[in-house]
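Peer 1: Can you read through this structure? Questions will come right after.
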Amino acid sequence: LPLHVLYSQRARVDSLCALLTTLAALALHRLAEHGRRRDFVVAGAVIGLATGANYPAALLGVAYLAAAIIVARTGRKPSEVVRSFALGVLAAVAAFALTNPYVVLAPAAAWHGFVFQLSFAAIQHPSLEKTSEWFYLGVVRDQGPLFAIAAAGASAWLAIRGPGFRRILGVFPWLVVGAFVAVRTQEDRYILIAMPWLCAAIGVVVGDALA
């Protein structure tokens, strides 16, 4: 996609975050399909690494929770699911802390910096007065009309008709887009984490159609 090509040529954290977000999608798929304890740990660790690369990837935690709910509905003991879920959360925290040691060494300063960046992004961004409140939908459209139509159609189909993880695959990328629309940020790179999920949704629907 044009957005990925653009940021892959810059020395920023965004391309790394997009890669880790893609790996997180694969890990969450395995978690929803198999529900083993190691699947929880691997998924949590990858989410922690993605969040360490770029804070918006913390939204992957919503997909992690949804995958855990799918596992819980397969008849496993609730206590087993809760323990595995907690281990995954610990793995995410550990991965984040290892890649961002300042949150442990200087937690007050780290929190202050996080709050400052969040307030700047959500309230004081200099481009707020120059762009539409539907900025991020425009970013999706700018990746190409065919992509935008296919992504919207595929994700809607999976969200309504998809079983298990497929429903998460259909809902999650638009949850990301909606979250940033709601807080009124105006940086196209913030929704890089949604793009691999949209591509995967298209691939799944096309694969089903050809099967």
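The values are calculated or read from the model by the stated rules, or taken from the named source; none is laboratory data. Just so you know, these numbers come straight off a predicted model, no measurement behind them. Cβ sites come from the backbone with ideal geometry, for glycine too, and all protein chains shown count toward neighbours. Note: areas computed on protein heavy atoms with side chains; ligands, DNA, RNA excluded. Shrake-Rupley method; radii C 1.70, N 1.55, O 1.52, S 1.80 Å.
Peer 1: Got a sec? Which of ALA209, ALA122 is farther than 18 Å from LEU60 by Cβ, modelled with pLDDT under 80 and surrounded by fewer than 18 Cβ atoms within 10 Å (Cβ to Cβ)?
Peer 2: After applying the criteria, what remains is ALA122.
Peer 1: With the checklist (1) open to solvent by less than 90 Å² (accessible area, probe 1.4 Å); (2) among the β-branched types (Val, Ile, Thr); (3) modelled with pLDDT of 85 or more in hand, flag the one item ILE160 doesn't pass.
Peer 2: (1)
Peer 1: Hey, another quick one. If the Cβ limit is 7 Å and pairs must be 6+ apart or interchain, which residue in region 9-35 that is under 15 Å from GLY88 (Cβ atoms) pairs with which residue that is part of a loop (DSSP other than H, G, I, E, B) and open to solvent by 20 Å² or more (accessible area, probe 1.4 Å)?
Peer 2: What qualifies is ALA32/GLY164; GLY35/THR74; GLY35/ARG76.
Peer 1: When the residues of region 49-79 are filtered to those that are among the charged types (D, E, K, R) and free of Cβ contacts under 8 Å to residues at least 40 places away in the same chain, which remaining residue is least open to solvent (accessible area, probe 1.4 Å)?
Peer 2: This residue is LYS77.
Peer 1: Could you list, in sequence order, the residues of region 163-180 that are crowded, with 16+ Cβ neighbours inside 10 Å and over 17 Å from ALA32 (Cβ atoms)?
Peer 2: If the condition is that a residue be crowded, with 16+ Cβ neighbours inside 10 Å and over 17 Å from ALA32 (Cβ atoms), then TRP174, VAL176, VAL177, ALA179, PHE180 are the ones that fit.
Peer 1: Please pick out the residue among GLN143, GLN186 that is modelled with pLDDT under 95, over 18 Å from the mean Cα position of the chain (by Cα) and not basic (Lys, Arg). Spell out how you get there, then give the answer.
Peer 2: Numbers: GLN186 fails: over 18 Å from the mean Cα position of the chain (by Cα).
Just one listed residue meets the conditions, GLN143.
Peer 1: Let me ask you something else. Could you look through region 142-186, keep only residues that are in a helix (DSSP H, G or I) and of a type in the set (Lys, Arg), and pick out the one that is farthest from VAL62 (Cα to Cα)? Walk me through how you get there before you give the answer.
Peer 2: Taking region 142-186 first, the residues in a helix (DSSP H, G or I) are 142, 145-161, 165-182.
Remaining after also requiring of a type in the set (Lys, Arg): 161, 166-167.
Values: ARG161: 20, ARG166: 15, ARG167: 13 Å.
My answer is ARG161.
Peer 1: Next up: Name the residues in region 182-201 that are of a type outside the set (Lys, Arg) and surrounded by fewer than 16 Cβ atoms within 10 Å (Cβ to Cβ), would you?
Peer 2: If we filter region 182-201 for residues that are of a type outside the set (Lys, Arg), which is where we start, we get 182-183, 185-188, 190-201.
Across region 182-201, the qualifying residues are ALA182, VAL183.
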